[in-house]
Amino acid sequence: MIKLDKVNWGFIGCGEVTEKKSGPAFNMIEGSRVVAVMSRDEEKAKSYAIRHQIPRWYTDAQELIGDEDVNAIYIATPPSSHATFAIMAMKAGKPVYIEKPMAASYEDCARINRISKETGVPCFVAYYRRYLPYFQKVRQLVEEGEIGNVINVQIRFAQPPRALDYNSKNLPWRVQPDIAGGGYFYDLAPHQLDLLQDMFGCILEAEGYKSNRGGLYEAEDTISACFKFDSGLPGSGSWCFVAHDSAKEDRIEIIGDKGMICFSVFTYDPIALHTERGREEILPSNPPHVQLPLIKAVVEHLQGKAVCTCDGVSATPTNWVMDRILNKL
């Protein structure tokens, strides 16, 4: 079992997600600091390191992993490279914290888990919403029986195309399946599906229909799905990434026999609790750096102070569900 008194992080990738959501949090936890960063773009790596007061920067992932001062790796690159970098790091004896989705396919997740088991080196995945007060409140309302027995779960998400989606000569990586694993569904739905599985258990059955209705890129942009949890609880979801602005929606409904909970995943609208008392709104506050609670749990796990269950094994079912919905399995 790995136990680190001081967790010295090396970042592979220094894109947008690391600027506020995650990056600063690593230096806000006792016994944790960022000592190196890597990007294939030298100017980007150097700029990030200087701006965030990180001692060293690299353009080669193997060099960062080989840095003797680095003893844990944060992987913040597009999903297609997650398995490669995670396996490189774990074979070097260095724990990994991987951005979501865990990988670009269920098979890659299985490879990561196999190496983690063989080496005994832990792997964590950035499903940080599990640890945020907003979603923990939703879980609390369910567990305390505020809406009685849960009988159905529904996901509804719609958004207009982004400006970059119209640039066919330089499309964002998130709509390139060979890099992202799919389109925006593979980038955004993981948070929704992970939250629900964390609350209600693994989804054991999933079917879906995908289509490209906007014609802006080759990846799917409209998806409908149905699924069933191991408890027998049924659920459904619809996602559209080329909707008109009037159709924008970010909503999950947990329907019980005594009420309903409605909440968002990305916009953090007030949680709406519907019961015989009427409609009540609840809005817990989240930290400025939203990954902080999970990163703290990871660091404390590596220090032997706590156990973080947001690991590769718990993250893999989400990739399985997405691959089933997209007919990749």
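The values are calculated or read from the model by the stated rules, or taken from the named source; none is laboratory data. Keep in mind that what you see is a predicted model, and the values were worked out from it rather than measured. Here the Cβ positions follow ideal geometry from the backbone for every residue, glycine too, while neighbour counts run over all protein chains shown. Remember, those area values only see protein heavy atoms, side chains included, never the ligands or the DNA or RNA. Shrake-Rupley method; radii C 1.70, N 1.55, O 1.52, S 1.80 Å.
Here are a few things to note about the model shown:
- Single residue of S168, S246 found to be of a type in the set (G, A, S) and at pLDDT below 95: S168
- With respect to the conditions (1) crowded, with 20+ Cβ neighbours inside 10 Å; (2) assigned to a strand (DSSP E or B), A103 falls short on a single one, namely (2).
- Top-ranked residue of region 20-31 - restricted to ones that are out of contact with any Cys (no Cβ under 8 Å at 6 or more places or on another chain) and not in a loop (DSSP other than H, G, I, E, B), ranked as farthest from P172 (Cα to Cα): N27
- Unique residue being closer than 29 Å to W173 by Cβ, crowded, with 22+ Cβ neighbours inside 10 Å and either among the aliphatic types (A, V, I, L, M) or at pLDDT below 95 (or both) when the list is V17, V34: V34
- Here D108 meets the list (1) of a type in the set (D, E, K, R); (2) outside any loop (DSSP other than H, G, I, E, B); (3) surrounded by fewer than 17 Cβ atoms within 10 Å (Cβ to Cβ); (4) modelled with pLDDT of 95 or more almost entirely, failing just condition (3).
- Test: residue in region 178-197 that is more than 30 Å from I255 (Cα to Cα) and open to solvent by 50 Å² or more (accessible area, probe 1.4 Å): yes
- Residues of region 123-136 satisfying the condition of being part of a helix (DSSP H, G or I) and surrounded by 17 or more Cβ atoms within 10 Å (Cβ to Cβ): Y128, R129, R130, Y131, Y134, F135
- Filter pass, A243 being touching a helix residue (DSSP H, G or I) at 6+ places or on another chain (Cβ under 6 Å), hydrophobic (A, V, I, L, M, F, W, C), buried (at least 19 other Cβ atoms within 10 Å of the Cβ) and within 30 Å of W173 (Cα to Cα): no
- Only residues that are among the polar types (S, T, N, Q), without any contact (Cβ under 8 Å) to a residue 12 or more places away in the chain and farther than 15 Å from A158 by Cβ were counted across region 207-250, and they come to 1.
- Look at (1) touching a Lys or Arg at 6+ places or on another chain (Cβ under 8 Å); (2) touching a residue at least 60 places away in the same chain (Cβ under 8 Å); (3) of a type in the set (S, T, Y) and you find that S264 fails only one, number (2).
- Qualifying residue in region 97-114 (condition: more than 13 Å from G312 (Cα to Cα) and more than 18 Å from the chain's Cα centre (by Cα)): no
- Residues (open to solvent by 60 Å² or more (accessible area, probe 1.4 Å) and under 17 Å from the mean Cα position of the chain (by Cα)) located in region 152-176: W173, R174
- Conditions (1) open to solvent by 60 Å² or more (accessible area, probe 1.4 Å); (2) closer than 15 Å to P101 by Cβ: number failed by Y209: (2)
- Flag for G10 being out of contact with any Gly (no Cβ under 9 Å at 6 or more places or on another chain), farther than 22 Å from R129 by Cα and open to solvent by less than 10 Å² (accessible area, probe 1.4 Å): yes
- Single match in K305, K328 (criterion: touching a residue at least 24 places away in the same chain (Cβ under 8 Å), charged (D, E, K, R) and touching a helix residue (DSSP H, G or I) at 6+ places or on another chain (Cβ under 9 Å)): K328
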